[in-house]
Each structure stands twice: as structure tokens, then as C-alpha cells.
1. (1) within 13 Å of the ligand (Cβ to nearest atom); (2) modelled with pLDDT of 95 or more: which one isn't true of Asp58, the others all being true?
2. Kindly indicate which of Ile244, Ile202, Ile215 is of a type in the set (A, V, I, L, M), in contact with a Leu (Cβ under 8 Å, 6 or more places away or on another chain) and under 17 Å from Asn132 (Cβ atoms).
3. Out of the residues in segment 209-231 that are over 20 Å from the mean Cα position of the chain (by Cα), under 28 Å from Ala275 (Cβ atoms) and not hydrophobic (A, V, I, L, M, F, W, C), which is surrounded by the most Cβ atoms within 10 Å (Cβ to Cβ)?
4. Give me the residue from segment 232-242 that is within 19 Å of the chain's Cα centre (by Cα) and of a type outside the set (A, V, I, L, M) and, out of that set, surrounded by the fewest Cβ atoms within 10 Å (Cβ to Cβ).
5. Would you confirm, using the coordinates I've provided, whether Leu5 is in a strand (DSSP E or B) and in contact (Cβ under 8 Å) with a residue 12 or more places away in the chain?
6. Of the numbered conditions (1) modelled with pLDDT of 95 or more; (2) in contact with an Asp or Glu (Cβ under 9 Å, 6 or more places away or on another chain), Ile166 satisfies every one except a single condition; which is it?
7. When you scan segment 181-280 for helices (runs of 4 or more DSSP H) that lie fully inside it, which ones turn up with 3 or more residues that are within 24 Å of Arg125 (Cβ to Cβ)?
8. Any idea how many residues of segment 45-54 are more than 10 Å from the ligand (Cβ to nearest atom) and loosely packed, with under 13 Cβ neighbours inside 10 Å?
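The values are calculated or read from the model by the stated rules, or taken from the named source; none is laboratory data. Small disclaimer: the values here were computed from a predicted structure and weren't measured. Please note: Cβ atoms are built from the backbone with ideal geometry, for glycine as well, and neighbour counts cover all protein chains shown. What goes into the accessible areas is simple: the full protein's heavy atoms, side chains included, and nothing from ligands, DNA or RNA. Shrake-Rupley method; radii C 1.70, N 1.55, O 1.52, S 1.80 Å.
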Amino acid sequence: MPGVLVTGGTGKTGKALVQLLRGAGVRARAAGRNPAAADPDAVRFDWNDPTTFGPALDGTDRVFLLPPVESVDPLPLVEPFLHQAQRAGVQRLVMLGSAIVLPNAPGAAELAARVRARPGGVVLRASGFMQNFLRPHPLAEHIHRHGEIRTAAGDGRLGWVDARDIAAAAAALLADPGVDARSDYLITGPHGMSYPQAAQIITARTGRRVRVEPITEEEQAAAYRAAGMPAEFAAALAAVERGIKEGREDQVSTAVLELTGRPPRTFAAFVADHAYEWTR
Ligand SMILES: NC(=O)c1ccc[n+]([C@@H]2O[C@H](COP(=O)([O-])OP(=O)(O)OC[C@H]3O[C@@H](n4cnc5c(N)ncnc54)[C@H](OP(=O)(O)O)[C@@H]3O)[C@@H](O)[C@H]2O)c1
């Protein structure tokens with residue numbers, strides 16, 4: 001029976017996607033480096049080990065593609081996988097990309113172009129994840145320890161989206177390989193929100209006082225490196241905050257509503273769902 005290979009199947013988006021697909025009666029194979037022994041449809045998959053690609057693709061006709069994380073140049077690792085997926089007869093391939101183009105990292109945009117050009121290829125350009133406000137993300141760790149958001153983004157707004165809504169959008173495109181699809185969707189939450197607004201919402205909803213501490217882009221890059229990110233990726237990610245500050249990333253779309261039939265979650269609803277994160 002055909003089904004969906006979910007790469008990054010143990011991550012925030014992939015795990016929610018596997019649950020949604022299985023809940024809808026669609027076979028979903030959860031792929032990761034350490035497949036769960038208790039899950040009969042989990043499979044070992046490692047971007048650094050191309051011998052894992054074939055067995056993971058075997059018997060699937062759709063793919064959710066989560067490119068190698070924290071890489072400024074994913075194409076060399078993903079290209080052989082795309083060829084193999086083509087040979088295996090994959091009809092639909094939905095890639096999780098980013099609404100924000102990382103400065104000085106053209107590889108991610110090149111990969112997205114490659115996927116869009118492929119028959120059945122779809123790129124979800126996701127905005128910032130609300131889940132960045134949950135540990136172990138460095139942003140959330142700092143809030144937890146110091147009640148502080150350190151950012152170089154000023155009052156700039158971003159269309160923050162809940163990863164569960166990204167998963168729901170992906171599920172709508174993958175549950176039925178025949179469903180009509182564009183090759184590109186901007187996936188955002190319902191409205192733009194700045195870090196000071198996020199701090200205000202968390203404080204109002206949970207009673208945990210959260211304030212914003214402005215820092216420079218260089219300080220942000222150093223903080224990301226200290227959290228274990230590779231230096232090149234940390235620099236590119238910190239530089240994103242300049243674009244947010246200048247208002248270049250303040251965009252929202254209706255794609256979640258279009259694909260799933262219901263509006264995306266608000267940040268206030270997300271905070272209410274995870275209130276334990278700030279009230280303990
Ligand atoms: N956070 C944001 O604001 C944001 C915004 C836009 C786009 N994105 C994109 O979203 C993606 C992250 O998605 P997510 O948050 O759902 O994932 P996540 O929770 O960070 O999980 C990462 C997944 O990747 C898998 N993985 C890590 N290294 C791997 C390797 N070498 N080979 C195979 N699999 C590997 C992990 O599985 P195992 O550890 O089990 O192997 C896990 O399933 C990134 O590509 C990022 O660019 C993020």
C-alpha cells in the first residue's frame with residue numbers, strides 16, 4: 001500500500017504530520033536517525049548516510065521533505081535524495097522551507113527552486129515558528145532563566161506560525177496525492193507580531209513577566225554559537241533579525257485557511273496551550 005515518507009518525522013512539524021496522516025488513515029513512515037522501536041512504521045534516515053534513502057523511500061509515493069537542519073548549503077546532501085525519489089516514482093514531494101531567505105546562504109533558495117520545478121513538487125515557505133518560544137530553543141531558554149527576550153529585531157514584525165498549522169497544511173497536500181496544489185505557499189499565522197508584542201502576550205496570559213532586551217546582531221550570533229549552532233549558520237540566522245527590524249519580513253498569508261479549511265492559531269491561543277512553560 002503506498003504512503004507518505006515523513007523525513008524529520010521525529011521533529012516538531014514531522015511528528016505532528018505523522019499523527020495527522022495516521023489519524024486520517026494514511027500510512028505515514030516516520031523517518032529519523034534513531035527510529036522508535038515501538039513504531040513499526042519508523043525508519044532510519046540520515047542525510048549524512050545516503051544508503052538510508054532507498055529503504056526509506058521503498059513503497060512510498062509521497063514525501064514530506066525536511067532538509068538538513070542548521071545547514072547553509074543543503075543542496076549537496078538533498079540532490080541525490082531527489083534523484084532517488086524521482087526514480088522511486090514519488091508523485092508528490094512537499095518541502096518545508098522558510099519564508100525568510102537566510103542572508104549569504106543561496107543554497108536553500110536553490111533547493112526550493114529545484115523542488116518547485118519538479119512535477120508534484122511543493123514548497124511551504126514557513127514563517128517563524130511559535131514553537132521557538134518553547135524550550136529547548138535558545139529564545140525560550142533565555143525567557144525561562146531570565147524573563148527576557150534578547151533580540152536585534154526591534155519592533156519589527158513577523159507572521160509567526162504554529163508548527164501544528166504547518167503540519168496541517170502539509171497533511172492537506174499529502175493525504176491525497178491527487179489534490180490540486182500550487183508549487184509554492186507562504187505559510188504564516190493570522191497576523192504579524194513583534195517581540196515586544198509577544199512579551200506582552202506571554203505576561204498578560206501567564207503572569208510571567210517577560211521583557212525585551214535589545215542586543216546587536218553580533219551579540220545574537222554569539223548567543224546562537226554558544227547554544228551549539230555552527231558559526232556560519234549562527235551568523236546567517238542572526239542577520240535575519242536586521243530584515244525583521246527593517247519591516248521586510250512583515251507578511252501574512254491565507255494559505256493555512258485555504259489548505260485546511262480553518263484559520264491558523266493565534267499566538268495568544270498558542271500561549272494558552274503551553275501556559276505550563278511559563279507558569280512553573
Ligand atoms: N524555527 C523556525 O522559526 C523556522 C522557520 C521557518 C523554517 N524553519 C525550518 O524548519 C525546519 C525545522 O523543522 P522542525 O522544527 O519541525 O524540526 P525539529 O523539531 O528541529 O527537528 C529536526 C528533525 O530533523 C531530523 N534530523 C536532524 N538531523 C538529521 C540528519 N542528519 N538526518 C536526518 N534527519 C535529521 C531530526 O530527527 P532525529 O534527531 O530523530 O534524527 C528531527 O526529526 C528547519 O529546516 C528550519 O529551517 C524553521
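1. For Asp58, the exception is condition (1).
2. Ile244
3. Gln220
4. Phe233
5. yes
6. So the condition that Ile166 fails would be (2).
7. Those helices (runs of 4 or more DSSP H) span 195-206, 217-226, 231-245, 255-260, 267-273.
8. So the answer is 3.
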